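Below is one structure; the comments refer to it alone.
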Amino acid sequence: MHVHFRRLAFGSALGVIGLATQASAQVLINTPGQIPSGNPFNNSFTESVNFDDVDGDGDFDAAFADGGDCCNDQNRMWRNNGGAQGGTVGFFTDTTSTMFPVVSDDSRDVEFVDIDNDGDADLYISNTSTNSNQSNRWWVNMGNAQGGTLGVYTDQTSTRWVGLGGAGSSVAPSFVVGSGGFIDWSCFCAFGDLDNDGDMDLAHSTYGGTFAGNVPSRMFLNDGNGFFSEFNPSGFQLSGQTIANGNPGLWCEGTMSQSTTNTTGTFCDIADTPLGIELGDLDGDFDLDILQGARNEQPRIFTNRFQENGGTLSFRDTANSSLPAGWSTGGGHYEQELGDMDNDGDLDIYGLNWLNFTDAYYKNNGSGVFSAPVAQTSSSNDDNEPEWMDYDNDGDLDCFIAAFASVNRMYINSGAPSYTLSFAPAGTVVPSNGEQSLAAASADVDNDGDQDIMTAEDGGGANNFLKNSTNTIDTHAPRIFKVEAAASRLVGANPTVIRALIYDNESFYITAQETHTLKYSVNAGPYTSVPMKWAGSNVFRGEIPGATSGDICYHVESSDRYGNTSSSFDRCFTAGGAGGVAVYCTAKVNSKGCYPQIGFTGTPTAGAPTGFNVLATNVLNNKSGLFFYSLAGRQAAAFQGGLLCIKPPTKRTAVQGSNGNPPPNDCSGQYTFDFNAYMFSGVNPALIAGVKVDGQYWSRDNGIAAPNNTGLTEGIEFTIQ
C-alpha cells in the first residue's frame, strides 16, 4: 500500500553494522528513544506511516497521516538525523513545523510519489469527510524543478486537480470543493503508470460516507507535470455522491452492477467499500491491474486491457474469473497486500480478514488466476494492515501484521519449496505488548543492512519504532523476472519503451528506490545506459530513443543499496530495417522459476546463406531443445502446461543442446538457430520472400512432472524479405 518513488544514495553507511546487540529473544525491539515523544509530536490518532528520503541525504524519513478515527489534525514529518543532519542515522526528530504546510485535516493515508517527474518525493494525502467536508490533498516537494528547498512541502491542492465537475468528469459539481478537490471518504489510494506514458497516475478509492458500497472509485491520469484529470471514457457525470446500478462504469467496461459475477465486460462493480487499493501486474503483460479491497463485500480485481486494446486504456472487472470461488467471506476486510511470496515472478495476495476475520494468502498461477485461500493460524483477530518484508534476510518475503485489537505479529516464510507462512509466537520476533496499530512500514532506517519497522497507532497512543536486531546484511540481488520484448520498428520520434518486472526481498516502495538501468547496444557496439523509472508495484520502465537505428540489443541491470546486482539476458530488435519481427505470447515459467525468452539478430532474407539468428535465453542449461514454426499464424492455446503460440500445422527443426554451465542446473542455457541458413538449405521450399513465419522454442524440463515436462518460450513472428 505504501507508494514511493526515488532512489536512495547509500554511500558508506554500512560502517555502522555490528554495533547493535541482541537485547532479548525478540528480533524486532521496541526502541522509543529513537523517535519523538509527547504532545504534539507523537500522541495523535495516526492512521498511516510511510518512508522516503525526502531531503536526498541518503536515509529514510517518515511521514504520518494523523486524524483518522478522531478528528482533523496536523500530519507530521519525522526527519532522520543521519546524512546531511550530521546526527545518528536511525534517530528521528519531528520537523513538521519547518517541512510541512500548516493544515488540519482528517487523514487516513500519506503516499510518497514523484508526481511532477523532477526526481523528488511529493506527497498525496487521503482524507475522509466524516467530521467535515474535505478533499484529498497534493503536497509538492519544493526541491529540484520547484527551485526551493528539498524536503520542504507546499499545499498545491487548488491547482493539481483539473476539470472536476466539468465536461468529462464524473464528480457532481455540487461535490467540488472551492479550494480544490472534491468531497469524499478516502482511506488509501495508489499510484502507478496506468497508461504507460512515463508518469504516475492515481487510483482513487473510496468507502463512502455510510459504508454502503454505492460511491464509485475513480481513476485520474497525470499530464506529465503533476496535474490530474479524471479518466472517465464513459463521460457520465453523477448527480450526487452515489452511482446506481445501470449507470456506466466510468473507468471500467460495462455498466454498474453491484456484486456482479460477470467477467466479459458487460457489467462491473466499482462501488464497494474499499479501505485499500493495490496496483500490480497480476497477469504478466506489464500493465498495472487493480486489486480493490472491500470492507463489507468481496474484494475485486480489475484487469488492465491496455495491451489487448492496442494502447487504449480500459479496465474489466474479472474478479469472478481471477479469484477462487468464495475468495472472501463475512466483513472486516480492512486491507490486502501484493507480493511475490513464492519467488516465482508473479504477485500473490495476502488478504487480511478476508475469511470472516481470518487472514489468508492466495498464490498466483502466473496468468493472474489465484489459488484457493490458505488460512493463517493465529489470525482470527481484528487486524488492520499487512506489510511484506524479509525481516531475517533469507531471500523471501515474511509478513508483518499491524493488529488493531490484538498484538502485532510476524508470519515467517518457509522458503523453497513450499513457501508457506508460519506464525511466530508473541515475543519471539515481535514484542508482545498490545497496541492499536493501524498501519506499518518497513525500511532499513539505520543503514545496518536489515529492515526495521515503524507502526502507526490509533487512540492517541505513541507510534512505535521496532529496530531489527539481526544485524544480517541483505545479500540477495533484485530479481529481474521478465523484460518486455520490443518489436522491430521504423526510426521515428517516439521512443521504444521497455518495461521489466523486478522483485526484491522487501516492499515495492524500497525496490523502487534502488538503481535500475536499461542498457542498449547498436550494431554490436558499446552499451548506452538509461535509467529505468518505477511505474508502480513490480513494474519498471525505460526508453530507448526512437532515433536509434540498426540492430539493437538491450538488457536490464538492477542493484540494491548493498551492492547486490543482477542482469537480464539480451533481447534484440531492428530499427529502420526490414523484416517486421515481433515477439508475442507468454512463456512458460520453467522448473527453476525462470522465464524463457526469445529474440533475434539480423534480418530474415530468402536466399541468404546466413544472418538471421533466432535466440532463446533464460532456458535450462544442458537440456536439449528445438525451434519449431508454422506458416498458419498465431494463437495462444494451452499446450503441455504452457501456451502453444503458433497454429498447426507446425514443422520442427533439428534438436540442439543449450550449451549452458555444467551441473547443477540453472537458467544459463541458450539456443541459437540461423533461420536464413535453414531456408538456404532448401529443406522447406515454401519459405520464400513475403511469407510470414511464426515460431517458438521447445525444450526438455525434467524438473516438471510428465506429461508437462517441457519448456516453452514466447512466440516470434517475422516476414521473410
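The values are calculated or read from the model by the stated rules, or taken from the named source; none is laboratory data. In this text the structure is predicted, and so the values were computed from the model without any measurement. Quick reminder, even Gly has a Cβ in these numbers, built from the backbone with ideal geometry, and neighbours come from all protein chains shown. The accessibility values were calculated without ligands, DNA or RNA, using every heavy atom of the protein model including side chains. Shrake-Rupley method; radii C 1.70, N 1.55, O 1.52, S 1.80 Å.
Quick notes on this structure:
- Cys with no candidate disulfide partner in the chain (beta-carbon separation under 4.7 Å rule): Cys187, Cys189, Cys399
- The range 169-205-the range 691-707 distance, computed between alpha-carbon centres (Å): 45 Å
- Note on the range 488-552: Rg/Rh from C-alpha atoms, Kirkwood Rh, equals 1.05.
- Distance histogram for the range 593-670 (every C-alpha pair counted, 5 angstrom bins, percent rounded to whole numbers): 3, 13, 16, 25, 21, 13, 6, 2, 0
- In whole angstrom, the range 207-364 maps to an equivalent ellipsoid with semi-axes of 24, 20, 15, each derived as √(5λ) from the alpha carbon gyration tensor and ordered largest first.
- Pairs beyond 21 Å (Cα-Cα), from Lys588/Lys623; Lys482/Lys533; Lys363/Lys467; Lys363/Lys623; Lys482/Lys651; Lys651/Lys692: Lys363/Lys467; Lys363/Lys623; Lys482/Lys651
- Using a probe radius of 1.4 angstrom, the carbon and sulfur fraction of the accessible surface of the range 586-721 is 56%.
- Accessible area of Arg295 in the full protein assembly, 1.4 Å probe (Å², nearest 10): 70 Å²
- Distances between placed amide hydrogens fall under 5 Å for Glu385 paired with Ala402, all partners being 5 or more residues away or on another chain.
- Evaluating 6.51 cos²θ - 1.76 cosθ + 1.60 at θ = phi - 60° for every residue in the range 208-225, the Karplus couplings come out as x, x, 10, 6, 8, x, 9, 10, x, 6, 9, 10, 10, 9, 7, 7, x, 10 Hz, glycine and proline recorded as x.
- Separation of alpha-carbon centers, the range 452-488 and the range 536-601, rounded to whole Å: 26 Å
- Interchain or long-range residues, amide H under 5 Å from Arg409's placed H: Ile401, Ala403
- Prolate/oblate/rounded label for the range 41-172 (Cα gyration tensor, a/c 1.5): oblate
- Per-residue accessible area (protein heavy atoms, 1.4 Å probe) orders Ser259, Ser217 as Ser259, Ser217, starting from the largest.
- Separation between Cα centres of the range 255-310 and the range 326-401, rounded to whole Å: 18 Å
- Solvent-accessible area, 1.4 Å probe, carbon plus sulfur percent, for the range 484-581: 55 percent
- The 1.4 Å probe gives accessible areas that order Asp701, Asp382, largest first, as Asp382, Asp701.
- Per residue, the chain exposes 32 Å² of solvent-accessible protein surface, assessed with a 1.4 angstrom probe and all protein chains in place.
- Backbone HN-Hα couplings from phi across the range 133-143 [Karplus 6.51/-1.76/1.60, Hz, Gly and Pro as x]: 4, 7, 10, 5, 10, 10, 10, 9, 5, 7, x
- For the range 450-465, Karplus couplings with θ = phi - 60° (6.51, -1.76, 1.60), whole Hz, Gly/Pro x: 10, 9, 9, 9, 10, 10, 9, 10, 8, x, x, x, 6, 4, 10, 10
- In the complete set of protein chains, residue-level accessible area for Tyr595 is approximately 10 Å², probe 1.4 angstrom.
- Solvent-accessible area of Thr318 with every protein chain in place, 1.4 Å probe, in Å² to the nearest 10: 10 Å²
- Temperature 25 °C, viscosity 0.890 mPa s: under these conditions the Stokes-Einstein estimate for the chain, based on its Kirkwood radius over C-alpha pairs, is 93 µm² per second.
- Accessible carbon and sulfur surface of the range 204-313 relative to its total accessible area, %, 1.4 Å: 46 percent
- Value in Å of the Kirkwood radius, where the range 527-685 supplies the Cα pairs that are averaged: 17.8 Å
- Rg/Rh for the range 388-437 (Cα atoms only, Rh after Kirkwood) is 1.00.
- Residues in the range 602-620 reached by a label modelled at Leu631 [backbone nitrogen below 17 Å; 7 Å Cα→Cβ]: 604-608
- Within the chain, percent of DSSP bridges classed antiparallel, to nearest 5: 95 percent
- Computed over protein heavy atoms with a 1.4 angstrom probe, the accessible surface ordering of Val530, Val162, Val539, largest first, is Val162, Val530, Val539.
- Net lengthening on full extension, Lys692/Ala547 (0.36 nm per residue, minus Cα-Cα): 49.5 nm
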